[in-house]
Amino acid sequence: MHGNCRGWTPQSMFTGFLLLMTPSLVSPQTTGVRFEESGQHLGDRRTFQIAPGDLDGDGDIDLVVLSFLDSSHVWINDGRGRFRDSGQRLGNRGGHGAALGDLDGSHDLDLFLVDNGGPDLVFLNDGTGNLIDSGQKLGGDTQDWSTNVTLGDVDGDSDLDAFVTVFQKPGRLWANNGKYIFSPADDYFGAGARGALGDLDGDGDLDMLTAGVGKEQDVALWLNDGRGGFTGTGSPIGGKGIPSLADVDGDGDLDLLLGTREGTGGYRILVNQTIVHGG
């Protein structure tokens with residue numbers, strides 16, 4: 001009996017017990033990822049896009065739900081993933097794209113709403129999730145089909161500016177004066193441009209990539225002078241599609257993900273090889 005227990009100590013027995021009972025020390029069992037219907041349906045078949053963000057400051061994600069033929073609705077999260085309609089109706093109809101960000105420096109999320117066939121609108125948050133129309137009507141041509149908006153500080157003055165893309169017309173850059181009042185900064189970034197903002201050349205400001213929609217145009221690169229002045233590089237990136245930016249190879253710069261219908265379709269990955277000089 002003693003021979004069978006050779007090497008046994010109370011400590012070794014306790015260690016073995018931990019190995020059996022501690023989940024972090026047991027080989028994980030792969031069960032796969034599974035999603036379950038919550039039973040909620042926000043909007044209807046005309047719903048076009050959502051803008052998620054904590055509108056009421058309670059630490060969970062609320063939603064602005066856009067409808068192609070109706071006003072946009074605000075849905076408030078109860079903290080457990082159940083949403084109630086707040087009753088807010090934003091804009092008249094045709095909400096096509098939206099972005100949430102602090103537009104007036106009040107440390108809550110405001111809304112920039114682009115309209116399909118009408119002016120773009122700015123809504124200010126009262127701090128409790130109520131979005132109030134600022135009265136601005138940007139653009140205003142009923143023949144314009146704004147398609148999307150991207151927010152970022154393009155002119156280096158520490159507030160959020162807005163780049164609005166327009167179907168088959170030049171994209172618009174709107175400069176924020178720091179108190180949510182927007183004025184046109186420039187109005188030509190390629191007809192029908194869809195855009196993405198990011199520091200592509202490593203100089204600390206936001207550059208821009210644009211691409212056409214409809215009859216797709218080559219993706220073009222526009223470099224920022226640090227004050228919101230953009231200069232086209234003169235040569236296209238080489239490809240057509242909708243640009244997105246992310247550091248996919250972990251080297252600290254932004255690479256290009258290009259969604260395209262060319263060839264076999266899907267997303268192309270173009271790795272940024274910019275060499276940044278200086279330190």
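The stretch 52-117 and the stretch 132-179 have Cα centres lying 17 Å from one another.
By the scheme Lys and Arg +1, Asp and Glu -1, what is the net charge of all other residues having a beta-carbon under 13 Å from that of A51? Kindly include the intermediate steps, with their values, before the conclusion.
Numbers: positive: none; negative: D54, D62, D110.
Surrounding charge for A51 is -3.
When each of the peptides 128-137, 220-229 is scored by how many other beta carbons lie within 10 Å of its residues on average, the order from highest to lowest is 220-229, 128-137. The peptide list 171-182, 241-252, put in order of mean Cβ contacts within 10 Å with the highest first, becomes 171-182, 241-252. A 1.4 Å probe run over the stretch 52-148, with the rest of the protein chains in place, finds 42 Å² accessible per residue. Around D255, what is the net charge, scoring Lys/Arg as +1 and Asp/Glu as -1 over all other residues with Cβ under 13 Å from its Cβ? Result for the local shell: -4.
For the pair D58 and F35, the difference between a 0.36 nm per residue extended length and the Cα-Cα distance amounts to 5.8 nm. Count Lys and Arg as plus one, Asp and Glu as minus one, and take only other residues whose Cβ is under 13 Å from that of L63; the net charge is then -4.
The values are calculated or read from the model by the stated rules, or taken from the named source; none is laboratory data. Everything quoted here is computed from the prediction, not taken from an experiment. As a convention, Cβ positions derive from the backbone with ideal geometry for all residues, glycine included, and neighbour counts pool all protein chains shown. With ligands, DNA and RNA removed, areas are computed over all heavy atoms of the protein, side chains included. Shrake-Rupley method; radii C 1.70, N 1.55, O 1.52, S 1.80 Å.
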